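J.: Here it is, the structure in full.
Please treat every number below as a calculation from the coordinates, not as lab data. Because the structure is predicted, anything quoted here is derived from the model rather than measured. Because the Cβ atoms are built from the backbone with ideal geometry, glycine has one as well, and the counts that use them run over all protein chains shown.
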Amino acid sequence: MRKKIVAGNWKMNKNFEEGLALTSEIINIAKDELKNQAILVINPPFIHLNSLQKLIPQNSNIRLGSQNCYHQKSGAFTGETSVDMLKSVGVQYTIIGHSERREYFNETSEQLAQKTKLLLEVGITPIFCCGESLTIRESGKHLEYVAQQITESLFDLSTEDIQKIVIAYEPIWAIGTGKTASSAQAQEMHAYLRTHIAHTYTQEIAENISILYGGSCNPQNAKELFACADIDGGLIGGASLKSRDFITIAQSF
Ligand code: 13P
């Protein structure tokens, strides 16, 4: 059985006090109300990671994640954060290749392949983001385009390592727009990506990989999305900034 995961990507939101408050609320509401086995990952800005880790109870289903890491191990890279640093403050998941980073920071498939390898070396689970723009969707080439993103960054991995990856499909046209992909559109992509992985590796390996959906996922639409056979959870932006909404989404399995 692959893992059910709901990850909150806070992006560049919440100062320290607000981050503490949001995390405390998530921990408390989850403890009282969350009845399923979903894993909740909170991905705050780097500067909050060390403090927030101390709030998370040992045996809870809440995990700490970061929104990025650098693609070199260490050295003279002013302002960057290494996988070793993340590991040392208790980070267990790291989002890589978000479309905002690909677009605004020119991240390449090759750099994402390097980040993936470095993360796996220290035992952090990469949440690998992929997804097409509206122009690509309208051209009808979206399935091949997203499959290619996965091929370029992940298909050098061994059969053992590919199974440690979490994939997040986030159509760019659905991010922060309130315009979610329909469950049929999301399921079509997720099934396509799973088959794509099965062709390079095996069906069994493909069945073990959690594929999350992201893009205007909210308490109203999560149930229908998560009911799809190949959708194993969500990567949540705006709705992860409200504790109640985030937990309601996690309860939607
Ligand atoms: P929204 O949920 O705000 O659309 O953002 C999705 C996202 O980019 C998560 O990484």
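J.: Using the Kirkwood formula over every pair of different C-alpha atoms, what hydrodynamic radius in Å results for the chain?
T.: 18.1
J.: Here is a further query. Which helices count as membrane-span-like in the chain under these terms: full DSSP H, at least 15 Å along the axis by C-alpha, Kyte-Doolittle mean of -1.0 or more? Intermediate values should be presented prior to the final figure.
T.: Details: long enough: 16-33 (25 Å, 0.04); 109-122 (20 Å, -0.15); 142-154 (18 Å, -0.15); 183-200 (26 Å, -0.59).
In the chain, the long hydrophobic H runs are 16-33, 109-122, 142-154, 183-200.
J.: Moving on to the next point. Through the Karplus equation 6.51 cos²θ - 1.76 cosθ + 1.60, θ set to phi - 60°, convert the phi angles of the stretch 162-171 into ³J(HN,Hα) values in whole Hz; use x for Gly and Pro.
T.: My calculation for the stretch 162-171 gives 4, 6, 8, 8, 10, 9, 10, 8, 10, x Hz in order.
J.: Could you pull out the chymotrypsin sites (Phe, Trp or Tyr not before Pro) across the stretch 103-158 that fall in loop regions by DSSP (anything but H, G, I, E, B) with no more than 11 other Cβ atoms inside 10 Å? If you can, show how the numbers build up before the last one.
T.: On the way: sites: Y104, F105, F128, Y145, F155; in loops: F105, F155.
Answer in residue order: F105.
J.: Please report how far the C-alpha centroid of the stretch 126-198 lies from that of the stretch 16-31, rounded to the nearest whole angstrom.
T.: 30
J.: Also: May I ask you to compute the full-extension gain from T151 to F46, defined as 0.36 nm times their residue separation minus their alpha-carbon distance, rounded to one decimal in nm? The partial results should precede the final answer.
T.: Working: separation 105, 0.36 × 105 = 37.80 nm, distance 2.85 nm.
Taking T151 through F46 to full extension adds about 34.9 nm, to one decimal.
J.: Of C217, C228, how do they rank once you tally other Cβ atoms within 10 Å and put the fewest first?
T.: So the residues, fewest neighbours to most, are C228, C217.
J.: If you don't mind, there's one more thing I want to ask. For the stretch 128-183, state the semi-axes of the equivalent ellipsoid (square roots of 5 times the eigenvalues of the alpha-carbon gyration tensor), sorted largest first and rounded to whole angstrom. It would help to have the intermediate numbers written out before the result.
T.: Working: eigenvalues 117, 36, 11 Å².
Values for the stretch 128-183, descending: 24, 13, 7 Å.
J.: Here's a follow-up. Could you work out the percent of alpha carbon pairs in the stretch 139-253 separated by over 17 Å, rounded to a whole number?
T.: 53
J.: Moving to a separate point now. Kirkwood hydrodynamic radius for the stretch 33-131: how many Å is it when counted over pairs of different Cα atoms?
T.: Values: mean 1/r = 0.0708 Å⁻¹.
For the stretch 33-131, the Kirkwood estimate is 14.1 Å.
J.: If you don't mind, another one. How big, on average over all directions, is the shadow cast by the Cα convex hull of the stretch 152-210, in nm²?
T.: 4.5
J.: Taking amide hydrogens as modeled 1.01 Å from N in the peptide plane, which residues meet the under 5 Å criterion relative to C217, leaving out close sequence neighbours?
T.: For C217, the qualifying residues are G237.
J.: Treating only the Cβ atoms of Lys and Arg (+1) and Asp and Glu (-1) as charged, compute the dipole magnitude of the stretch 88-170 about its Cα centre; round to the nearest 20 debye.
T.: Working: 7 positive and 13 negative charges, 28 e Å.
I would put it at about 140 debye.
J.: Moving on. In the Gaussian network model of the chain, springs joining C-alpha atoms below 10 Å, which of H71, H199, H98 carries the largest mean-square fluctuation?
T.: Taking springs between Cα atoms under 10 Å, the residue moving most is H199.
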